[in-house]
2 protein chains.
Amino acid sequence: MRRTKEDAAKTREEVLTAAAEIFYENGVSGSSLEKIAQRAGVTRGAIYWHFKDKAEVLTALHREIRLPQEAIVDYAIEHGHDDPLGLIEQGAIEVLHILANDEHQQRVFAIMILGCEFTEHLSDAAQRIITANEEMFGKLQKLIEMADQQGTLASRWTINAAARALQCSMNGLFAEWLRSGKSFPLVDVGDRLVRSLVGSMRHGGAGN
Amino acid sequence: MRRTKEDAAKTREEVLTAAAEIFYENGVSGSSLEKIAQRAGVTRGAIYWHFKDKAEVLTALHREIRLPQEAIVDYAIEHGHDDPLGLIEQGAIEVLHILANDEHQQRVFAIMILGCEFTEHLSDAAQRIITANEEMFGKLQKLIEMADQQGTLASRWTINAAARALQCSMNGLFAEWLRSGKSFPLVDVGDRLVRSLVGSMRHGGAGN
DNA sequence: ATATTTACAATCATTCATGTATGTTTGTAT
DNA sequence: ATACAAACATACATGAATGATTGTAAATAT
């Protein structure tokens, strides 16, 4: 029953989508490779062929999604730096729309935030998430520093506090939205939240 | 080896503190009752005497943490308040100080937020957490509604959006602080965040 | 055409956590 | 003094998940 290379890649993808479903339903630790295999229509042998163990399946899932925070920063970098705060605002709102419409990213993101245990001795996948988060924070920090050097950062904010506040609010917004089963309009709430926060960070602008 | 009632209550407490440690280190699903028993200096028999199963140990931990600020909010809802937004701001900042100084609450919070899997078919403990969160949201909503009826809610905010934004920001703040290993000053960042947000919600105030 | 991988399936042994059942000691009520 | 029940410890039975091994049919290289 040897398959061609395309077939193999297909089963690999099917395993990953099945894993996303099972992980989402039962949590990572509550999901056995047997269940994932059944959902994918293969046996555990196939999974062990493509991945070393369950943790590697999880990291593979994580590699698939671009974290929304990264998208924020990418947007800002792409569109120049004449108004860093404005770009952060626009980028954040852009990401809201993207995440609100991409169900697969929602599911994988939900797994990472809600269905995955962050422990003291972190797993490989959890470590990747934390690292990505820290990188995003660093980039946010630099953008806000640019705003500060332009004199557009309100005096009530420090660079670090502003970057943290944005990071926490965005992550909290996504997490709460997913945890609540998308029970509130993400874009609507997020839009007001981002505009208010960034507005309060603007020197001479609102909130100072 | 029958113990007196005080002895029994003591071992129960020791089991709970041990459980908090083990859960924090390994995550909930990664912790066996055997490990918890060893840490507590008892056998699994003792744990099964005091609790039905692991889930009940977790809910017992969750019952322990009750934010003192809830009482303040309850009082305000019952008796009304001349400045609901100010009360929210004050209460939130107070909670920041409390949480920043109570290591046990931090640990239990970290377990609930980071070391516990929220799945589709929720466990008993996870359901309790979600319920508590929803109750908190409801109270926030009522307070903001009071502010709206007094005409102090800025027109850029709706009642629901404002309550959600506050909830998401605060939860995100705590989660990020704990996940980062308390790598940033919680009170400092939180103080600026809360004041900016509530400020933007105040009619005629900052951020409108 | 043959050899050699590839891409799995099937089976097996082992570990590990759980739940339960039972034993044992000691407070406590009478 | 005795009976009973509380507060555990000990032992066992079970099932589930894992990782490893082996089998195998087809694709691909030579």
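Nothing in this text is a laboratory measurement; each read-out follows from the coordinates by a stated rule. Remember, predicted model here, so these are calculated numbers, not experimental data. Note: ideal-geometry Cβ built from the backbone for every residue, glycine included; neighbour counts use all protein chains shown.
This model, with +1 at the C-beta of Lys and Arg and -1 at the C-beta of Asp and Glu, gives the protein assembly as shown a dipole about its Cα centre of some 880 debye.
Projected label points at B:V187 and A:H79, each 7 Å from Cα along the beta carbon direction, are separated by 3.8 nanometres.
Listed by chain and number, the lysines whose alpha-carbon sits under 20 Å from that of B:K52, ignoring those within fewer than 8 places in the same chain, are B:K5, B:K10, B:K35. Separation of region A:31-84 and region A:101-145, taken as the distance between their Cα centroids, equals 11 angstrom.
Its Cα centre serving as origin, region A:65-201 has a Cβ charge dipole (Lys and Arg +1, Asp and Glu -1) of approximately 340 debye. Summing Cβ point charges (Lys, Arg +1; Asp, Glu -1) relative to the Cα centre of region B:5-63 gives a dipole of roughly 120 debye. Rg/Rh, computed from the Cα trace of the protein assembly as shown with Rh as the Kirkwood radius, has the value 1.00. Placing unit charges on each Cβ (+1 for Lys and Arg, -1 for Asp and Glu) gives region A:42-173 a dipole about its Cα centre, and among A:Q149, A:G86, A:V57 the Cα reaching farthest toward its positive end belongs to A:V57. In chain B, Cα pairs under 8 Å separated by at least six residues give a relative contact order of 22 percent.
What does the charge count near A:E103 come to, summing +1 for each Lys or Arg and -1 for each Asp or Glu among other residues with Cβ under 12 Å from its Cβ? Taking every other residue near A:E103 into account, the sum is 0.
Here region A:81-132 yields Rg over Rh of 1.12, to two decimals, using C-alpha coordinates and the Kirkwood radius.
Using C-alpha pairs below 8 Å separated by at least 6 residues, the relative contact order for region B:1-47 is 36 percent. Kirkwood radius, region B:5-63, all distinct C-alpha pairs, inverse of mean reciprocal distance: 11.0 Å. Convex hull volume of the Cα atoms of chain A, normalised per residue: 127 Å³.
Ordering A:V73, B:V42, B:Y24 by Cα displacement along the dipole of the protein assembly as shown toward the positive end leaves B:V42 in first place; charges were set at the Cβ atoms of Lys, Arg (+1) and Asp, Glu (-1). Mark the label point 7 Å from the Cα of A:D7 along Cα→Cβ and return the residues of region A:40-62 whose backbone N is within less than 19 Å of it. Correct set: A:40-51. With a simple spin-label model that places each label point 7 Å from the Cα along the Cα-to-Cβ direction, the separation between B:I130 and B:S155 comes to 3.9 nm. Using the Cβ-Cβ distance between A:E64 and B:S32 with R0 set to 35 Å, the FRET efficiency from 1/(1 + (r/R0)^6) comes to roughly 0.60. Using a 7 Å projection from Cα along Cα-to-Cβ, the label point at A:W49 is separated from the same position in the remaining copies by 5.4 nm, smallest value first.
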